[in-house]
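Shown next, in structure tokens, is the structure this report addresses.
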Amino acid sequence: MTYLKHYFRKFGSTSRSPLLINVWQAWWAFVGGAIAILALGALSASMDAVLLMAPFGASCVLAFALPEAPLSQPRNIIGGHVITTLCGLFISHLFGYTIWSLALGVGLGIAAMILTKTTHPPAGANPIIVITASSSWSFLFTPVLAGAIVIVCITLLYNNLFAHKKYPTFWV
């Protein structure tokens, strides 16, 4: 019983959020994210190929709101998306679509990102997308690799326009 009391006490907190409200940061993150998604949409239309997927919206949150964060770096955006998609494709082609394959795909993707130092939380959704859609191996290149590269390129160009920002913090 003491263990349970101690365990449930961990759920409470007297701490407050360390995040600060910065209107300019919000504005510039809004512009950067909008440009990246607009570029992916325009490229999709001009190439007659899909370069958009929901996790890219979450990648833009990290890339433009928190560009200095380790999880926002190019290796993490590109590597995280590619690795988790590979995990999803592998599991999908082995086991098909089951609740167990979804769980295995996400778990494997998380472990693989940690082991390769490419952790990128939005990419955790990729195995779910791949498995539920029964995606082919071409999904790895379009939209995943191509879209992630476009996001990183726009993040590089956009975030370095500002004197107080430097992106990336690291490459490897």
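The values are calculated or read from the model by the stated rules, or taken from the named source; none is laboratory data. Just so you know, these numbers come straight off a predicted model, no measurement behind them. Glycine also receives a Cβ, built like all others from the backbone with ideal geometry; neighbour counts cover every protein chain displayed. Remember, those area values only see protein heavy atoms, side chains included, never the ligands or the DNA or RNA. Shrake-Rupley method; radii C 1.70, N 1.55, O 1.52, S 1.80 Å.
Data for the structure
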quantity	calculated
Cβ-derived FRET efficiency at R0 25 Å, ILE114 paired with ALA39, nearest 0.05	0.25
Simple Cβ-charge dipole of the chain, Lys/Arg +1 and Asp/Glu -1, about Cα centre, in debye nearest 20	700
Table column - 3J(HN,Hα) (Hz), region 53-67, Karplus curve with 6.51, -1.76, 1.60, x for Gly and Pro	8, 3, x, 5, x, 5, 4, 5, 4, 5, 5, 9, 8, 9, x
Over region 63-122, volume per residue of the alpha carbon convex hull, in Å³	71
Surface accessible to a 1.4 Å probe, TYR97 within the full protein complex, Å²	140
Per-peptide average of other Cβ atoms within 10 Å, ordering 71-81, 112-122, 54-64 highest first	71-81, 54-64, 112-122
Charge tally in the Cβ shell below 13 Å around TRP171, where Lys, Arg are +1 and Asp, Glu are -1, TRP171 excluded	+3
Extreme residue, positive dipole direction of the chain, given options SER92, LEU4, ALA163 (C-beta unit charges)	LEU4
Within region 6-49, trypsin sites (Lys or Arg not before Pro) in DSSP loop having at most 13 other beta-carbon neighbours inside 10 Å	LYS10, ARG16
Å² of accessible area per residue within region 19-78, as computed with a 1.4 Å probe and no ligands counted	55
Given [x] 56, 33, 26; [y] 62, 46, 27; [z] 52, 32, 26, the label whose value is Cα extents along the principal axes in Å derived from this model	[y]
